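Presented below is the structure to which this report refers.
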Amino acid sequence: MRNRKPVLLVEDDNVDAMTVKRAFKDLKVLNPLVLTADGEEALQYLRNKSNKKPCVTLLDLNMPKMNGIEFLKVVKADEVLKKIPVVVLTTSKEESDIVESFKLSVAGYIVKPVDYKKFVEAIRAIELYWTLSELPDGG
Amino acid sequence: MSILQNMAIKHKLISIIMLACITSLVLAGAAFIGWERSTFRSEMVDSLSTQAEMIAENCTAALAFQDAEDAKQTLQALHVEPSIVFGCVYNKDSKLFATYYRDYAEIKVHPSEFQEIGFSFAEGFLTVYKPIVLDGEMVGTVCLRSDMSPMYAMLKHNISIIVTVVLLSSFAAFLVSSRLQKVISGPILSLAEVAKVVSEKKDYSTRALKQSNDEVGLLIDAFNEMLEQIQQRDSALVDAKEQLEVRVEQRTAELTTANEQLTREIAVRKKAEERQAQLLKQLESTNKELNDFAYVVSHDLKAPLRGISTLANWMSTDYADKFDEEGRGQINLLLSRVDRMHNLIEGILQYSRVGRVKEQKLQVNLNELVPDIIDMIASPENITVTVENELPVIECEQTRITQVFQNLLSNAVKYMDRPQGQIRVGCVEENGFWKFSVADNGPGIEERHFEKIFQIFQTLSPRDEVESTGVGLTLVKKIVEMYGGKIWVESKMGEGSTFFFTLLKQKVGGKNAKPQASVVSRR
């Protein structure tokens, strides 16, 4: 990524979290990966002043307690938190999910590939993009 | 006549009878008096003529001898006849020769002048002139004059008698006709009275009394018969009215019953309809739940599956040196089963998405879409796919129609066992439907499998030979049926299969209609 701020991963599936972690390691992404299991946990992290604000949030949609769309609704209503780009990383190919996500100003929407190698490619793309793209400062 | 017409029939009859009687009596009296007068006259003429002839006979000598006194004596004999008031004899030269007067002044009875032979009635006298003939030669004329007044007096007397008789007869006729007119007018008046009663009281049971067997009797009979008929008709009318009332009442009752029944039926039907609607709603919600269920389940199945896949992948790479050949083979089998599982779940997801997720319907030009799908399938070089004829423009969700052709074409490619594979796409119009066909010259399908192949997860080849989920045709069937069409297969083993499906032909979608939106190819 463009800076060394942490990347916030909101993901309830351990293996998927491991996959992202492994992909980061394989791709030698230096940003630390902060793992939260659902929307509520992620909000707690974001609202804790002692925590560093992430440069990018990777968000799963299907999660217990607070799902991805609910999380987005809260975040995008927050003047500070809405600046942090959110990339949806999900298994859902549903048109409604895609439309709903982009209505809530997500920066990207990637369907998790089943194959690990393809998964790595996806993470590589995200890494590349956010290295090229400017990121909002502060927070 | 108009006076007669407006009279009462009684007076009419009396008047007619009286008129007839008086007319005949007067005529008879007049005739009698006329006859008597003429008889009197001719008798007088005869008698006076006879006397004049006698005088003439007796005076021939006096004339011959110019003896006027003798002639006068002869004339004097006339005094025995009181009616003769004057007599005279004229000589050959019509000069007065001798005269006779009776009680009257000369001027009064003397004829004004000499007249011809014969008789004449004048001034109340009968005057007769007779020639006096001697030896065949007229020597003078006799003139006798008779007074008519006795005769007139007699006539007057007779007339007064006749008039009296006429008056008495008329009176008698009046009395008789007054009595007898009742014979005719009585029944008519009573008939009129009955008619009046009938018309005033509307009582058709009244009858006129028949008093005679004449025309009036016939009239009364006819009148009574008419009354009888009217009475019958009246009572029939009353009966009919009563019957009608009864019938109306009956009908009203029937109608009320029918109405009540109808109301009940409507209520029952309404209830049934409500129940049907409820059931339909339930069915719809059940269907939706099922779809949602399939979606959620498949979705949730995918997550652990991906975990398995990822972990197996890592194991095969991270511990590659620890696995022997058999171990690696097993890991690969595990990965391939994971793939198959993934495909199955994808299939279910696709299947549940049909009907659950609605896309906007567009005018899709199949002449553009189908070649795109053929390109997308990327069939091997030994298989040729051709579109046989011009395809229509149809209004539908583009994703769905793409799925239909994609599955049918990819099946045909997948199962092709010939070195020269041929796949043909065609379309004909049939009974308001477009009938599409996808025909191949592949292995063919046994007839017993014609139904089975459209059921979910049914495949005819072992999965390790041909990778198939068994969802494709089920999906196609669901889509086609959703659009109100049918799908079926015709096939002969070893010769190939033809899949047919129909789509309702819309009014707008002609073969030459312009598509509203251009086809977006590939996904």
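Annotations for the structure displayed:
- Share of Cα-Cα pairs in the range B:296-365 lying beyond 16 Å, as whole percent: 59
- Measuring between their Cα centroids, the range B:325-386 and the range B:34-74 lie 177 Å from each other.
- Convex hull projection area averaged over all views, the range B:29-177, Cα basis, nm²: 10.4
- Peptides B:26-33, B:138-145 ordered by packing proxy, namely the average of other Cβ atoms within 10 Å per residue, highest first: B:138-145, B:26-33.
- Highest average first, the peptides B:473-479, A:21-27 ordered by how many other beta carbon atoms sit within 10 Å of their residues are B:473-479, A:21-27.
- Under the Karplus curve 6.51 cos²θ - 1.76 cosθ + 1.60, θ = phi - 60°, whole-Hz ³J(HN,Hα) for the range B:87-96, x wherever Gly or Pro sits: x, 7, 10, 9, 7, 4, 9, 6, 9, 4
- Mean partner shielding of peptide B:304-310, defined as the number of other chain Cβ atoms within 10 Å of each residue Cβ, is 6.
- Mean Cβ count within 10 Å, highest first, over the residues of peptides B:413-426, B:168-181: B:413-426, B:168-181
- With contributions of -39500 (n - 2.57) from each DSSP H run of at least four residues, the per-residue ellipticity at 222 nm computed over the protein assembly as shown stands at -19000 deg cm²/dmol.
- At the listed q of 0.24, 0.32, 0.33 Å⁻¹, the Debye profile of the range A:9-51, built from one uniform point per Cα, gives log10 I(q)/I(0) equal to -0.83, -1.04, -1.07.
- Label-to-label distance, B:LYS486 versus B:ASP70, with points set 7 angstrom from Cα along the beta-carbon direction: 17.0 nm.
- Shape metrics for chain B, restricted to C-alpha atoms - Rg then Dmax, Å: 75.1, 229
- Cubic angstrom per residue, convex hull over Cα atoms of the protein assembly as shown: 537
- In summary, no helical segment of chain B meets the span-like criteria, namely a full DSSP H run, a Cα extent along the axis of 20 angstrom or more and a mean Kyte-Doolittle hydropathy of at least 1.6.
- The orientation-averaged shadow of the Cα convex hull for the range A:7-132, equal to a quarter of the hull surface, comes to 7.2 nm².
- 10 Å Cβ neighbours from other chains, averaged over peptide B:247-256: 0
- Karplus 3J(HN,Hα) series, Hz, for the range B:130-146 with 6.51 cos²θ - 1.76 cosθ + 1.60 (x for Gly, Pro): 10, x, 9, 10, 10, 6, x, 10, 6, 10, x, 9, 9, 10, 10, 10, 10
- Residues whose placed amide H lies under 5 Å from that of B:GLY140, excluding near-sequence neighbours: B:ILE132
- In angstrom, the C-alpha Rg and Dmax of the range A:72-139 are 13.3, 37.
- The orientation-averaged shadow of the Cα convex hull for the range B:14-77, equal to a quarter of the hull surface, comes to 5.4 nm².
- Share, in percent, of DSSP beta bridges within the range B:2-173 that are antiparallel, nearest 5: 100
Laboratory data are not the source of any read-out in this text; all were calculated from the coordinates shown. Values in this document were obtained by computation on a predicted structure and should not be read as measured data. Glycine gets a Cβ as well: all are built from the backbone with ideal geometry, and neighbour counts include every protein chain shown.
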